[in-house]
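What follows is a set of notes on a single structure, which appears directly below.
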Amino acid sequence: VHAPSGGRRIGRRSRSRRSVRAMGAPVKIDFSKLSPGEMLSPIQAWRGKPIFIVYRDEAAVASLADQSLDLADPNSDNPEQQPEFAKNPTRSMRPEIGIYVGICTHLGCSPKYVEADNFADSRFGGFFCPCHGSKFDLAGRVGTGYPAPDNLPVPPYRFESDTVVVIGEEGGTA
């Protein structure tokens, strides 16, 4: 679209911002309304992929250190699946806040958040991919024997404040 005077284009700047965001520009997400046991909704996107933000209660956090579940990669040994700061039982910077790319590593479906009883041996929730049955715990770690070959990826992120996270940038906490 052209302006009547000076031949300036209108609208190019907004298209440019949208394309930069789609290519991976950082995205700020406010999760201040999230309570323990909930996943943020509506789901925000980064690089065109859904981002899951889950607020885990104390019991759920404690359960993630328990290695009784049969997990394919319980120690998050695949370096391509998470930044170095997330190589821990909660796969997160803050144990109570889990942040994952919400795409199943099997065929790219979007898993559903399950509040409780995701695994037979656990009363806790996680993520369930309805397409082929893969199950992930609340740290996004896939169970053994499911089609998904890897844990849910953890994107690079940093906390701008106690309730705002910037996806796409690594850094410290506020």
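The values are calculated or read from the model by the stated rules, or taken from the named source; none is laboratory data. Keep in mind the model is a prediction, meaning the values are calculated, not measured. Ideal geometry is used to build each Cβ from the backbone, glycine not excepted, and the neighbour counts take in all protein chains shown. In case anyone asks, the SASA skips ligands and DNA or RNA and just uses the protein heavy atoms, side chains included. Shrake-Rupley method; radii C 1.70, N 1.55, O 1.52, S 1.80 Å.
Annotations for the structure displayed:
- In the range 111-155, chymotrypsin sites (Phe, Trp or Tyr not before Pro) in a DSSP loop with at most 16 other beta-carbon atoms within 10 Å: none
- Taking N as its residue count, the alpha carbon Rg of the range 49-96 over 2.2 N^0.38 Å: 1.18
- For the set D137, D117, D66, the ranking by accessible area, highest first and with no ligand, DNA or RNA atoms included, is D117, D66, D137 under a 1.4 Å probe.
- Residue-by-residue Karplus 3J(HN,Hα) for the range 45-53, coefficients 6.51, -1.76, 1.60, Hz, glycine and proline x: 10, 9, 6, x, 10, x, 10, 8, 10
- Here's how it looks for I97: its modeled amide H is under 5 Å from those of R56, which are all 5 or more places away or on a different chain.
- Listed by chain and number, the aspartates and glutamates whose C-alpha is less than 14 Å from the C-alpha of K28, apart from same-chain residues fewer than 8 away, are E160, D162, E169, E170.
- Shape call, the range 106-173: gyration tensor on alpha carbons, a/c limit 1.5: prolate
- Sequence-ordered 3J(HN,Hα) estimates for the range 32-44 from the Karplus curve with 6.51, -1.76 and 1.60 and θ = phi - 60° stand at 4, 8, 7, 10, x, x, 10, 10, 4, 9, x, 6, 8 Hz, glycine and proline given as x.
- The alpha-carbon of K112 sits under 17 angstrom from the alpha-carbons of these aspartates and glutamates, leaving out residues fewer than 8 places away in its chain: E38, D137, D150.
- Accessible area of H132 in the full protein assembly, 1.4 Å probe (Å², nearest 10): 90
- The range 32-121: C-alpha gyration tensor shape, a/c 1.5 cut-off, then a/b vs b/c: rounded
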